[in-house]
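Every number here is computed from the coordinates shown, using simple stated rules; none is lab data. Note that this is a predicted model, so its numbers are computed, not measured. Using ideal geometry, Cβ is built from the backbone for each residue, glycine included, and neighbour counts are taken over all protein chains shown.
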Amino acid sequence: MIAPKLITLENSIVNAMSELGDSHNAINMAAGYTDFHCSPRLIELVQKHISEGINEFAPANGVLQLREKLARKIEELYGHKYNPETEITITAGATQAIFTTITALVREGDEVVIFEPAYDSYVPAIEINGGKPVYVPLKAPDFHIDWGEVQKLITSNTRMIIINTPHNPTGKVFSELDMLRLQKIINGTRIVVLSDEIFEHIVFNGESHQSVAMYPKLAERSIIISSFGETYHVSGWQIGYCAGPADVMNELRKVQQVMMQSVSSPFQWALSEFLDFREEYLQLSDYYRKKRDLFNELMTATRFKPILSHGTFFQLFSYEGITDESDKDFAIRLVKEAGVTTIPVSAFYHEKSKKHLLRFNFARTDEHLQMVADRLSAY
Ligand SMILES: Cc1ncc(COP(=O)(O)O)c(C=O)c1O
């Protein structure tokens, strides 16, 4: 028999709920994809590069023109200049970038601070590399961070802090103060920050995205991870990137080199040209704010209570006034009875205590949002 390396890992909650939902023909408010078509211009660019013969391996660290465009974009938006030759690498989505970064940096016995609820690829990546996750709960109802608590958990073994802003699943957006506290905590340590910023272009309520790139002392000790999937409605292409200081990037690249040859070349060329159309990412916050507001408005016909999302296309709802069932049991019941698939938020915690919260992905058509509210009004 094989002794498993990832002893506690189950099928990802998104896959498990989506499979259950599909078997009941339910509306999928769980999966992380968006219901919208990507720009026809982007499709044309991919087709152009494929027909022109850009079908062989791309350079291992990514097409240079794409890295140059990303360097320019990051500098324009966040003020930090990354060297495209040595400080930006194209990856097969953010998931691979996360695994690569953790594998390159975390050794046996290293501690990694993560905030719960947490996106579910962080902990397995830490554990398979012999690291130890150190959990800090985001504090309800606004999911704020007690930075004093974080400070107390820092030891000489702390190798990494993982942040995610805007945050999946809560929709929390880090403030300037959060970033300054983080910067202070890592000052003078060997800690590297993994900053998962894949929802950087979806921020509401007049707030703005806080990238580690905006804080010079953070930028010099952080790896930013982002992805084109969520921004351009092309999650199935699985193309992302990371940006960070050259010495750390060099270590990441060694790991990437043995994981894969390169990321799909025609798609990289197409994305590099598509980045010229700035409105494609600059209008996203407005687009999703309207969706969020519409969904929350429709849901007032139900007894589900929103915890207002500040960013991402996720919205949490409390069902505290409806039932005392666990969120997993209730989510399964909603699939079977109401034909609506959601994610139980307890799945994003290492201890599965009762949370009474469900995550909804509102990147769906208005018709689907209406149908979901109608179906849930029976509860
Ligand atoms: C917080 C977070 N990080 C990373 C990812 C993975 O992104 P990708 O699809 O580019 O692998 C997701 C996907 O939903 C996510 O929510």
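For the reader, a short list of remarks on this structure follows.
- The range 215-265-the range 164-203 distance, computed between alpha-carbon centres (Å): 16 Å
- About the centre of its Cα atoms, the chain shows a dipole size close to 560 debye [charges on the beta carbon of Lys, Arg (+1) and Asp, Glu (-1) only; nearest 20 debye].
- Sorted by Cβ density within 10 Å, fewest first, the residues 136, 263: 136, 263
- Charge dipole of the chain about the Cα centre (unit charges at C-beta), most positive-ward option of 74, 346, 38: 346
- Given 73/291; 139/305; 290/336; 48/81, the pairs whose alpha carbons are separated by over 24 Å: 73/291; 290/336; 48/81
- Filter on 172/254; 184/355; 132/355 - keep pairs with C-alpha separation over 26 Å: 172/254; 184/355
- Dipole of the range 40-277, positive end: most advanced residue of 205, 277, 193 [Cβ charges, Cα centre]: 193
- Estimated FRET transfer efficiency (residue 246, residue 152; beta-carbon r; R0 30 Å; 0.05): 0.40
- Gained length - residue 257 relative to residue 289, 0.36 nm times residue gap less alpha-carbon distance: 7.6 nm
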